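Participant: Input: one structure, supplied below.
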Amino acid sequence: MLSLQDGELPWDGSPQRTSLDPDDWHTLRKQGHQMLDDMLDHLATLSEKPVWQPAPSPARALFDAPLPVEPTAMADVHAIFRDNILPYGSGNIHPGFMGWVQGGGTAAGMLAEMLAGGLNANLGGRDHMPIEVERQIIRWTRQIFSFPDTAGGLFLTGASQANFVAVLLALGRKLGTDVRAKGLSNEQRLVGYASSEVHGCVPRAFEMSGIGSDQLRRIPVNAAGQIDISALEAAIVRDKKAGHTPFLLIGSAGTVNTGAVDDLTALRGIADAHDLHFHVDGALGALGILCDDLAHLFTGIQSCDSLAFDFHKWGQVPYDAGFLLVRDSAWQRQRFASEAAYLSRAASGLAGGDWWPCDYGPDLSRGFRALKTWFTLKTYGLKALGDSMAANCALARGLACRIEREPALRLLAPVALNIVCFAYVGPGGDAPPQVNARIIEHLHGEGRVAPSLTHFNGQPAIRAAIVNHRTRQADIDALIDGVLKLGSRQDLLPC
């Protein structure tokens, strides 16, 4: 029992303040409107601001402050955000951002995120409407990719987590449900296959699953950047002869480095011939199927057993909104469903509902990612999203053509989708490759455009990933003009 200490007084019955709601809702409402107006103003004037700028030391010092014990007025907290965070973001919403595959977001998605935050729903399970919104997205996603009615799906943080979950599903299909309790035995020599251009999250998924990244065979690619079919078949035959157990084949619907799309129809045939789970990493490009001009590139994607992609890339949904689509939702339940006393189900009431997402993936506590996705799809429609993708690809093709016309530049890879990799080689073709890294750093510092650095044959190169719906021809021109101008500067040449 609790006892009073010397000098303490017993509770006198007066009400004590425990709620974190404001006493003055009017003042909060006014402040909220100001915060919303500031963000809309920011979005409306993006092109007038730098794509990126380094945060000054005084701004950084603000975030080395002591742990707050006493309250601070929200207006003052917002002022810190407005002056010291907002100007120094990563820049992916800016039209000049084109280095990494990151979506630009939308105003509709931002507003939906605000609504989701106010509702503060936990989408682990139970019977409430946010669950139905996520189920709606699953049904729509089935339609987009022509999956069967047995298909299930789930929002996750991103394709990295979705690819990891797909590896776990493939393990369960090959080894049965006992693997959940018994784990991997020393005798199981499992191997999987993907192209040498596969995203780095895939070998990491093999590590996290306990299989080990050495068991992922990274198959060479052809001149188009696609997985080499003959080399793949030879590797599978070789592993079987060596006593290994092939269990998973991963195709890419847009490789991260160049945007190449594997021959998905051929991969389905190989998976069937060797009893492999066929997964597609479509983080970069899978949603391109919404664009009439691009859909043919993804022929065969409807046949895969699982598909990872991101609504927060080409779908322009604010971060984060990754998704995993699975041909048979029973595979998800077999891998993840488990009983717990505190998760008891009921025939009716809040503990009812016949679909609890925690039975289909690794998370119990889950945010309402589906709402901003639902708002985006409803507000803009699939056609507008597809048109935005087509515009990105048209800009990429135009950029490639411009590069090929410039003697000082060299195109390094075919342009399949919206990624262009090139290098500054100088008018005579003899500029040292290292100058490209310095050009990129200076472009970032100037704040007009932001490509990224990649490597081809061990040499640094410039990579432009055109994902943002705001990017226009003027931004492409600024990229080329900036590269040519900086490349001609002698002070950028390596010593």
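The values are calculated or read from the model by the stated rules, or taken from the named source; none is laboratory data. Remember, predicted model here, so these are calculated numbers, not experimental data. Please note: Cβ atoms are built from the backbone with ideal geometry, for glycine as well, and neighbour counts cover all protein chains shown. Heavy atoms of the whole protein, side chains included, go into the accessibility calculation; ligands, DNA and RNA do not. Shrake-Rupley method; radii C 1.70, N 1.55, O 1.52, S 1.80 Å.
Participant: Keeping to segment 258-309, report how many residues are on the phi > 0 side of the Ramachandran plot and either surrounded by fewer than 24 Cβ atoms within 10 Å (Cβ to Cβ) or not in a loop (DSSP other than H, G, I, E, B) (or both).
Facilitator: 2
Participant: If you check every pair at least six apart or on different chains, which have Cβ atoms under 8 Å apart with a residue in segment 258-270 that is in contact (Cβ under 8 Å) with a residue 12 or more places away in the chain and closer than 13 Å to SER303 by Cβ first and a residue that is of a type in the set (D, E, K, R) and not in a loop (DSSP other than H, G, I, E, B) second?
Facilitator: If the second residue must be of a type in the set (D, E, K, R) and not in a loop (DSSP other than H, G, I, E, B), the pairs left are ILE270/GLU233.
Participant: Something else about it: Do you know which residues across segment 172-202 are open to solvent by less than 20 Å² (accessible area, probe 1.4 Å) and in contact with a Phe, Trp or Tyr (Cβ under 6 Å, 6 or more places away or on another chain)?
Facilitator: LEU190
Participant: Can you confirm whether segment 327-334 contains a residue that is buried (at least 22 other Cβ atoms within 10 Å of the Cβ), under 19 Å from LEU249 (Cα atoms) and touching a Leu at 6+ places or on another chain (Cβ under 8 Å)?
Facilitator: yes
Participant: Looking at LEU123, is it surrounded by fewer than 19 Cβ atoms within 10 Å (Cβ to Cβ) and within 23 Å of the chain's Cα centre (by Cα)? Steps first, please.
Facilitator: Working: surrounded by fewer than 19 Cβ atoms within 10 Å (Cβ to Cβ): no; within 23 Å of the chain's Cα centre (by Cα): yes.
It is false that LEU123 is surrounded by fewer than 19 Cβ atoms within 10 Å (Cβ to Cβ) and within 23 Å of the chain's Cα centre (by Cα).
Participant: Can you name the condition, by its number, that PRO414 falls short on among (1) open to solvent by 10 Å² or more (accessible area, probe 1.4 Å); (2) over 30 Å from ASP262 (Cα atoms)?
Facilitator: (2)
Participant: Then there is this: Tell me, please, whether a residue that is open to solvent by less than 10 Å² (accessible area, probe 1.4 Å), among the β-branched types (Val, Ile, Thr) and not in a strand (DSSP E or B) can be found in segment 227-239.
Facilitator: Checked against the condition, which is being open to solvent by less than 10 Å² (accessible area, probe 1.4 Å), among the β-branched types (Val, Ile, Thr) and not in a strand (DSSP E or B), segment 227-239 yields at least one hit.
Participant: Go through segment 427-453 and report how many residues are assigned to a helix (DSSP H, G or I) and of a type in the set (S, T, N, Q).
Facilitator: Just the residues of segment 427-453 that are assigned to a helix (DSSP H, G or I), to begin with: 435-446.
Keeping just the survivors that are of a type in the set (S, T, N, Q) gives 436.
Adding up the residues that qualify gives 1.
Participant: Take segment 29-52 and flag every residue that is open to solvent by less than 60 Å² (accessible area, probe 1.4 Å) and not β-branched (Val, Ile, Thr). Step through it out loud before you land on a result.
Facilitator: Here is the first cut: in segment 29-52, the ones open to solvent by less than 60 Å² (accessible area, probe 1.4 Å) are 31-32, 36, 38-39, 42-43, 45-46, 50-51.
GLN31, GLY32, LEU36, ASP38, MET39, HIS42, LEU43, LEU46, PRO50 - these are the residues of segment 29-52 that are open to solvent by less than 60 Å² (accessible area, probe 1.4 Å) and not β-branched (Val, Ile, Thr).
Participant: Among the residues of segment 442-458, is any closer than 23 Å to ALA223 by Cβ, touching a helix residue (DSSP H, G or I) at 6+ places or on another chain (Cβ under 6 Å), crowded, with 19+ Cβ neighbours inside 10 Å and of a type outside the set (S, T, N, Q)?
Facilitator: Within segment 442-458, none of the residues are closer than 23 Å to ALA223 by Cβ, touching a helix residue (DSSP H, G or I) at 6+ places or on another chain (Cβ under 6 Å), crowded, with 19+ Cβ neighbours inside 10 Å and of a type outside the set (S, T, N, Q).
Participant: Right, something else. Is there a residue in segment 52-64 that is in a loop (DSSP other than H, G, I, E, B), within 28 Å of the chain's Cα centre (by Cα) and of a type in the set (Phe, Trp, Tyr)?
Facilitator: Keep residues of segment 52-64 that are in a loop (DSSP other than H, G, I, E, B), which gives 52-56.
Filter again for within 28 Å of the chain's Cα centre (by Cα), leaving 52-55.
If we keep only those that are of a type in the set (Phe, Trp, Tyr) as well, we get 52.
Within segment 52-64, one or more residues are in a loop (DSSP other than H, G, I, E, B), within 28 Å of the chain's Cα centre (by Cα) and of a type in the set (Phe, Trp, Tyr).
Participant: Here is a follow-up. From the list ALA151, ALA205, ALA166, ALA224, which one is open to solvent by 20 Å² or more (accessible area, probe 1.4 Å) and hydrophobic (A, V, I, L, M, F, W, C)?
Facilitator: Working: ALA151 fails: open to solvent by 20 Å² or more (accessible area, probe 1.4 Å); ALA205 fails: open to solvent by 20 Å² or more (accessible area, probe 1.4 Å); ALA166 fails: open to solvent by 20 Å² or more (accessible area, probe 1.4 Å).
Among ALA151, ALA205, ALA166, ALA224, only ALA224 is open to solvent by 20 Å² or more (accessible area, probe 1.4 Å) and hydrophobic (A, V, I, L, M, F, W, C).
Participant: Sticking with this structure for a sec: Could you please tell me which pairs satisfy a Cβ distance under 9 Å, a separation of 6+ or placement on different chains, a first residue in segment 271-298 that is closer than 15 Å to SER195 by Cβ, and a second residue that is in a strand (DSSP E or B) and among the charged types (D, E, K, R)?
Facilitator: GLY282/ASP310; ALA283/ASP310; LEU284/ASP310
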